[in-house]
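The values are calculated or read from the model by the stated rules, or taken from the named source; none is laboratory data. Computed from a predicted structure; not experimentally measured. Neighbour counts run over all protein chains shown; Cβ positions are idealised from the backbone, glycine included.
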Amino acid sequence: MLEIKNLHAELEDDSEVKILKGLSLKVNPGEVHAIMGPNGSGKSTLSYVLSGRDGYTVTDGSATLEGVDLLEMEAEERAAAGLFLAFQYPVEIPGVGNMTFLRTAVNAQRKARGQEELSAGEFLKVVRAKAKDLQIDADMLKRPVNVGFSGGEKKRNEILQMAMLEPKMCILDETDSGLDVDAMKLVADGVNALRDAGRSFLVITHYQRLLDHIVPDVVHILSEGRIIKTGGPELALEVERNGYADLMAEAQA
Amino acid sequence: MAVLDETQMREGVDRETVETVQSMAGTYKHGWETEIEMDFAPKGLNEDIVRLISEKNNEPEWLLEWRLDAYRRWLTMESPDWAMLNIPEIDYQEQYYYAKPKSMAEKPKSLDDVDPKLLETYAKLGIPLKEQMLLAGVEGAEEGRKVAVDAVFDSVSLGTTFKKELAAAGVIFCSISEAVQDHPELVKKYLGSVVPQNDNYFAALNSAVFSDGSFVYIPAGVKCPMELSTYFRINAENTGQFERTLIVAEKGSHVSYLEGCTAPKRDTNQLHAAVVEIVILEDAEVKYSTVQNWFPGDENGKGGIYNFVTKRADCREDRAKVMWTQVETGSAITWKYPSCILRGDDTQGEFYSIAIANNWQQADTGTKMVHLGKNSRSRIVSKGISAGHAQNTYRGLVSMHPKATSSRNYTQCDSLLIGDKCGAHTVPYIEVRNASSRVEHEATTSKVDDDQLFYCRSRGMDEEEAVALVVNGFCKEVLQELPMEFAMEAQALVAISLEGSVG
């Protein structure tokens with residue numbers, strides 16, 4: 001599904017700041033991979049570079065989605081190709097109804113893929129059913145995108161977008177940050193409901209607790225722009241017990 | 001006004017916008033020209049031309065004298081230079097002041113007799129001149145609504161729809177030239193009573209040479225049974241358009257009036273100097289909406305309409321209410337300040353504006369709220385969007401006179417910048433001459449946020465779609481004040497006007 005080889009990236013404005021330094025990983029269809037790592041290890045940068053945000057220069061390496069070069073594509077083309085990023089800090093768009101935003105997005109992708117656009121009626125039916133599962137009420141669908149949403153509402157809204165867009169490769173950037181236990185459970189249930197053989201996940205998180213709910217197949221430890229260790233779910237528990245220091249020391253040894 | 005489920009309207013509208021944007025290849029879609037034989041008055045401006053226009057319209061003596069008076073006053077006046085506009089010198093002798101399609105030499109009795117070429121022009125613009133229900137195409141709007149249209153082509157009105165139905169309600173809606181013939185006493189009583197001939201340079205010019213425009217009279221206690229609208233089309237080259245609109249709302253009446261404007265793409269500038277006067281009596285209410293989409297010039301700033309407009313509403317008696325809504329996306333230069341004279345007690349004036357300036361457009365627009373009556377209230381919401389090399393100025397006056405005790409104003413001016421070569425300016429004038437009134441002014445300036453654009457794009461929208469969505473969100477407070485047919489058109493226009501502004 002997603003294959004990253006020897007990825008190097010630096011800040012566009014300051015080539016001295018090298019963030020990703022030879023990152024490689026491969027996510028197979030249907031797999032859930034977690035990426036853990038200390039602050040500043042490059043977790044968010046990885047998500048931005050993959051989704052096509054401006055401000056970074058890729059100096060080496062490659063990233064492909066189902067064999068297609070991601071890095072050559074515009075952000076919207078990556079989205080249409082099936083990549084989705086759930087933002088750590090979802091952006092507010094005043095004056096634009098949540099539902100309008102969703103439908104514009106869904107139809108933009110359908111159009112890019114040469115599919116028929118969804119009619120208002122069809123769309124409404126689908127969005128209502130999916131919103132219900134995430135305990136998103138009609139009011140939240142009407143309100144402007146993320147404006148005045150609580151932390152939990154914003155994250156649930158990201159998952160709703162994911163559910164509507166039905167991407168193949170989902171990247172969740174610290175989706176657990178700022179969530180209480182109940183909200184985290186709700187978000188995790190939403191993600192788990194989307195797990196299937198054709199869809200893969202890359203879950204970026206600081207903490208093991210999200211992984212109690214979204215159980216990963218593979219856990220990677222990211223430090224200073226590279227994967228320093230890869231293992232099963234038990235690796236996350238090890239980090240929880242001992243922190244990153246030992247793993248980092250081990251990597252340097 | 002039909003009460004709409006706001007959300008449903010927005011839903012429909014936004015979808016429409018995106019579809020419209022996607023279906024459009026060029027930037028200005030009304031830039032084509034109708035090839036038709038025209039009857040021009042000789043080029044240039046002098047007393048003979050004023051007489052000729054008056055004669056062509058078969059006007060009574062008093063109106064000719066009124067025009068000549070205006071012309072003489074105009075000669076003594078100077079073009080205003082206080083706006084933040086760079087206006088190239090205009091040679092008033094190089095313009096035509098009267099242009100009429102030859103086929104209109106004999107005034108057609110009804111729209112059925114109008115030259116099909118002219119009717120096609122309006123069909124192509126999407127303006128219904130057949131008396132049909134206008135299907136709103138909006139979710140939640142189950143039944144179509146009727147909109148009566150007066151179509152003005154260069155200097156003349158082609159005809160007005162739904163006249164009979166309006167007459168049954170006692171409403172007069174016709175061209176001003178017809179009103180001069182059929183209702184001279186009304187025209188004589190109100191013409192110039194809100195905007196006097198010598199009000200300003202462009203109003204004086206208009207008073208001298210106005211050729212047509214619309215006239216609306218709503219009798220006491222009548223709620224106009226449908227929306228009224230006028231579509232102005234400048235077609236002929238080197239021709240100025242000087243329309244004059246007069247609206248009179250008698251005690252307790254209601255009317256909603258829409259105005260739309262387009263012109264062909266040309267590389268020379270064209271002059272448009274209109275005057276709109278609105279008289280509102282006790283307890284009456286007028287809502288006036290404009291979507292101004294004159295040709296803005298090309299991306300290098302060549303061509304475009306010079307739009308110098310005086311619009312004023314006089315809330316002459318107690319509890320009169322006026323609401324201006326404008327979406328200004330066109331014109332190379334816009335100089336326009338729709339104003340409210342709040343003369344009666346408890347009168348109310350509102351001004352909602354979206355002004356978009358892209359490429360090399362210049363806009364200096366705003367309002368005047370002149371509070372003369374007690375407990376008068378006014379509200380100003382202005383959204384200015386600048387892109388390309390454009391300069392966009394909000395200029396507004398809020399004046400509380402000594403007798404306007406316990407009055408209130410609230411002003412909100414938001415500016416949005418796209419790119420780093422454009423400018424946004426806010427020039428509020430506030431005069432308060434009594435101790436019990438309250439004036440509030442809020443202003444913000446922001447740039448289209450990269451994070452917002454990336455968020456939209458990461459969900460699959462391309463850059464122009466993303467900008468259109470964000471900007472329409474920015475304008476929403478004003479867009480939702482528009483009647484729904486116009487809201488859709490306006491949303492689409494907002495998107496189209498900004499094409500090429502990013503990337």
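Just a few scattered comments:
- Of note, A:ILE19 satisfies the criterion of being away from chain B (no Cβ under 14 Å) and either in contact with a strand residue (DSSP E or B) (Cβ under 6 Å, 6 or more places away or on another chain) or of a type in the set (A, V, I, L, M, F, W, C) (or both).
- Considered as a group, the residues in the stretch B:357-370 that are of a type outside the set (A, V, I, L, M, F, W, C) and more than 12 Å from B:HIS425 (Cα to Cα) include one that is surrounded by the fewest Cβ atoms within 10 Å (Cβ to Cβ), and that residue is B:LYS368.
- Residue check, B:GLU499 within 12 Å of another protein chain (Cβ to nearest Cβ), more than 22 Å from B:MET323 (Cβ to Cβ) and surrounded by fewer than 24 Cβ atoms within 10 Å (Cβ to Cβ): no
- Where A:MET164 falls short, out of the listed (1) farther than 28 Å from A:LYS26 by Cα; (2) under 17 Å from the mean Cα position of the chain (by Cα); (3) surrounded by 16 or more Cβ atoms within 10 Å (Cβ to Cβ): (1)
- Strands (runs of 3 or more DSSP E) fully within the stretch A:29-144 that include at least 1 residues being at the interface with chain B (Cβ under 10 Å from one of its Cβ atoms) and in contact (Cβ under 8 Å) with a residue 60 or more places away in the chain: A:83-86.
- Scope the stretch B:292-330; condition crowded, with 24+ Cβ neighbours inside 10 Å and in contact with a Cys (Cβ under 9 Å, 6 or more places away or on another chain); matching residues: B:GLN292, B:ASN293, B:TRP294, B:ILE305, B:ASN307, B:ALA313, B:ASP314, B:CYS315, B:VAL322, B:TRP324, B:VAL327, B:GLY330
- Hits in the stretch A:111-146 (condition: out of contact with any helix residue (DSSP H, G or I) (no Cβ under 9 Å at 6 or more places or on another chain) and closer than 20 Å to B:ARG457 by Cα): A:GLY114
- Of the residues in the stretch B:478-487, at least one is within 11 Å of chain A (Cβ to nearest Cβ) and within 10 Å of B:ILE354 (Cβ to Cβ).
- Residue among B:LYS383, B:LYS403, B:LYS421 that alone is of a type in the set (Lys, Arg) and crowded, with 19+ Cβ neighbours inside 10 Å: B:LYS383
- Note on the stretch B:36-72: residues that are part of a loop (DSSP other than H, G, I, E, B) and modelled with pLDDT of 70 or more total 11.
- Across the stretch B:371-380, the number of residues qualifying as in a strand (DSSP E or B) and either surrounded by fewer than 24 Cβ atoms within 10 Å (Cβ to Cβ) or without any contact (Cβ under 8 Å) to a residue 24 or more places away in the chain (or both) comes to 2.
- Any hit, the stretch B:449-462, residues being within 11 Å of chain A (Cβ to nearest Cβ), in contact with a strand residue (DSSP E or B) (Cβ under 8 Å, 6 or more places away or on another chain), at pLDDT below 95 and farther than 20 Å from B:THR290 by Cα: yes
- Test: B:HIS389 is surrounded by fewer than 22 Cβ atoms within 10 Å (Cβ to Cβ) and closer than 18 Å to B:THR347 by Cβ: no
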